[in-house]
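No lab work stands behind these numbers, since they all come straight from the coordinates. Predicted model, so just to flag it, every value in this text is computed and none were measured. Methodologically, a virtual Cβ is constructed for each residue, glycine included, from the backbone with ideal geometry; neighbour enumeration extends over all protein chains shown.
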Amino acid sequence: MTSPAAQGRGAERRRALGARFVFLGPGLFYVTVFMAIPLLLVLSYAFLKRGRFGGVKMEFTLDNFHRVIESVYVSVIGNSILIAAITTVLALLIGYPTAYAIARLPRKWRNLALVLVVLPFWTNFLIRTYAWILLLNSEGPLNKGLMAVGILHEPLDLLYTRGAVVAGLLYAYLPLMILPIYASVERLDNSLIEAATNLGASRARAFFTVTLPLTLPGTMIGAIFVFVPSLGNFIVPELLGGGKTVMIGNLIRDQFLKARDWPFGAVLALIMVALLILLFAGQAAISRRINGRGRHA
Amino acid sequence: MNNTLLSIAGVSKTFGDVTALDDVSIDIRENEFFALLGPSGCGKTTLLRVLAGFEVPDMGSVNLAGQNLLSLPPNKRPINLMFQSYALFPHMSVEKNVAYGLQRESLGKDEIRTRVAEVLATVGLTDKASRRPAQLSGGQRQRVALARAIVKRPRLLLLDEPLSALDRKVRAEMQLELKRLQHEVGITFVVVTHDQDEAMSMADRIAVMSEGVVKQVASPVDLYSRPENLFVADFIGSSNAFHGVASADGVHVDGLGLLPGTVGASSAEATLIIRPEDIRLVEQSQAALTGSVVDTQFTGGSSTIALSIAGHAAPVLVTCQGSSNVTRGESVHLAWDASRTIKLPK
């Protein structure tokens, strides 16, 4: 019935589809097996009763969700969000100027600067966090140094505070803020800034009306990249917070490994996944507004 | 009408060891449509950026209506620039793009709205006011860029390769529209272009630039009929150049003999320029040169014949009305009116 030409087009389309699967295949396989299936498991656990020694009993319940609104858990979640938010704001205040300055460096210096930014990632995260313990210790170089120059007379309690947790998280995730902002500043067409200047805008005005809005999508990606892992981190609160600062990450780990309440741990984990989806949806909506219809950040 | 608006005097600029502008002096008159023409890398864009304030010249002065332009920061100059890439703000609607410059002047909301509406009507984009640049065609974007630049009513409007991003057909339309607009708004236009057809058809006067040097400033007709040097003669239109020794009534070329040309100084090295349309095909008895046909091109109203002449390296071009009645390999005889030729030193 169909013409030979249409058949040819059909075959071509099938071939194109085939090619797409060849390229997408490995990634698709990985995401399905190691992401989607575990996530579905976590989702299903959330609606089941806990087993006595971990695991689940195959009985449907919504009790796990009710427990989340108990005040002790609400305060842990609130505390986590607060610490992650403070970390994100500080990372933003430090990261944006840094990224902007790197993007404005002569081309040959830019790569070196970026390597320096990601250099800490080449060392184990745990070891770097232990280094902070030494640094913030009452016998550590920071306290000793401040006492030696006479600013302090007795050591400050720097370690095992909320501030130490923020400092550790900030240190850990700052590069994740810098890189996406760098990418968006570097991609920004300089003639747009010149156009703003030519139309009478001062440098500051050009920055706030052109540079900042156009780098906002990248900046929001950076903020999400810092906020989400800060929220879920359990190593830093444990090592630098000394167990006094409990964050949602610690809670989740404890539900699975200590309390052996897998369903409740699953609910807490899902809350984080939901938050992540919400944040990315918000980012996508705003960057679509900025870039106009049909274009992405 | 002949008041000088912009006076560029002795402006030089080097980038590292590249000389972008070498002692450039140009006077641009009020309400003039002026073109800076030259091949890429000739310094015309650098000159434009000096005027806009994005580059600071090493030497020289620029005066706009008696005011020292170089002492003003770029955002305080009464000059607007239409960027080659248009540089429209992608996160703002057409209306906001156009209003941007007016908002910087702290004008009232109502006045801004009226002037934006006016200028959008002038460029015919009233119905596209709420669109984003990404939703417009190339020609429409160009008109937004133009509207954004003229809404500030600058003393001088700079246009950097305004038509290069457009396809052929839209380009011809926009040439006419730019010209019309220039008359309508009464702003002095300075256009940078590498396209001589564009410069010739739009500009009142043209500065031809090469390697940072202004080669000649003249009207399009004068540039074509009275080029002052070989660069201009070669760059503007097509021409046949014969290099030899000047004599009283022409140029003596080795191997070709005396070619009739304008009367002038003798016994110096000179080049005789003959435009293709000034050469006629004649009987052997009247011929100044004889060559054989290499190729003919029919371009509608006229034809161009390429000839090879023994002893002359470059093909000689002859333009004649209608179709040519010659065939490839045929031997033809050429003559021209000596007074129509151009004799240039060296």
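Numerical summary
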read-out	value
Kirkwood Rh (inverse of mean 1/r, distinct Cα pairs), the protein assembly as shown, angstrom	31.7
Estimated distance in nm for a label pair at B:His183 and A:Lys258, the labels positioned 7 Å out from Cα along Cα-to-Cβ	8.6
Where GluC sites (Glu not before Pro) in DSSP loops with at most 13 other Cβ within 10 Å are excluded, longest remaining stretch of chain A	A:140-297
Chain A: most fluctuating residue of A:Asn64, A:Asn137, A:Asn124 per GNM, C-alpha cutoff 10 Å	A:Asn124
Max mean-square fluctuation residue, GNM over chain B, Cα-Cα springs under 10 Å, options B:Pro73, B:Pro227, B:Pro39	B:Pro73
Residues of type aspartates and glutamates that A:Lys108 reaches as a straight line, Cα spacing below 15 Å, ignoring anything fewer than 8 places off in the same chain	A:Glu186
Whole-Hz ³J(HN,Hα) from phi, Karplus 6.51 cos²θ - 1.76 cosθ + 1.60, for the stretch B:58-67, glycine and proline x	6, 8, x, 9, 10, 10, 10, 6, x, 9
Max mean-square fluctuation residue, GNM over chain A, Cα-Cα springs under 10 Å, options A:Arg52, A:Arg20, A:Arg128	A:Arg20
Mean ellipticity per residue at 222 nm, deg cm²/dmol - from DSSP H runs of n ≥ 4 across the protein assembly as shown, formula -39500 (n - 2.57)	-15000 deg cm²/dmol
Alpha carbon convex hull of the stretch B:173-315, volume per residue in cubic angstrom	157
Backbone HN-Hα couplings from phi across the stretch B:293-309 [Karplus 6.51/-1.76/1.60, Hz, Gly and Pro as x]	6, 9, 7, 10, 10, 9, 10, x, x, 8, 10, 10, 10, 9, 10, 10, 10
Projected label distance in nm at A:Arg289 and B:Leu176, using a 7 Å step from Cα toward the beta-carbon	4.4
Long-range amide H partners of B:Ser247 with built H, under 5 Å	B:His252, B:Ser267
Rg/Rh for chain B, where both radii come from Cα atoms and Rh is the Kirkwood radius	1.07
Dipole-positive endmost among A:Leu136, B:Thr126, B:Ser238 within the protein assembly as shown (Cβ charges, Cα centre)	A:Leu136
Sequence-distant residues sharing a close amide H with B:Ser210 (under 5 Å, placed H)	B:Lys215
Paramagnetic reach from B:Thr262 (point 7 Å along Cα→Cβ, amide N under 12 Å) across the stretch B:217-247	B:222-229
Of B:Lys13/B:Lys179; B:Lys76/B:Lys215; B:Lys44/B:Lys76; B:Lys76/B:Lys109; B:Lys169/B:Lys343; B:Lys152/B:Lys179, pairs whose Cα-Cα distance is over 28 Å	B:Lys13/B:Lys179; B:Lys76/B:Lys215; B:Lys169/B:Lys343
Bridge type composition, chain B - antiparallel percent by DSSP, nearest 5	75
Average Cα contact separation per residue, chain A, under 8 Å, 6 or more apart, as relative contact order %	25
For chain A, alpha-carbon Rg over 2.2 N^0.38 Å	1.29
Principal axis box of the stretch B:62-202, alpha-carbon based, largest edge first, Å	40, 39, 26
Note, ³J(HN,Hα) from phi for the stretch A:27-43, Karplus 6.51, -1.76, 1.60, rounded to Hz, x at Gly and Pro	x, 4, 4, 4, 4, 5, 6, 9, 10, 5, 5, x, 5, 5, 4, 4, 4
At most 14 other Cβ within 10 Å, DSSP loop - trypsin sites (Lys or Arg not before Pro), the stretch A:233-297	A:Lys244, A:Lys258, A:Arg293, A:Arg295
B:Thr327 versus B:Thr290: modelled label distance in nm, points set 7 Å from Cα along the beta carbon direction	2.0
Förster radius 22 Å - calculated FRET efficiency between A:Ala131 and A:Leu152, Cβ distance, rounded to 0.05	0.55
Förster-model FRET efficiency, 51 Å R0, B:Arg153 and A:Phe280, C-beta, rounded to 0.05	0.65
Nearest-0.05 FRET efficiency for A:Arg162 and A:Glu139, computed from C-beta distance (R0 22 Å)	0.55
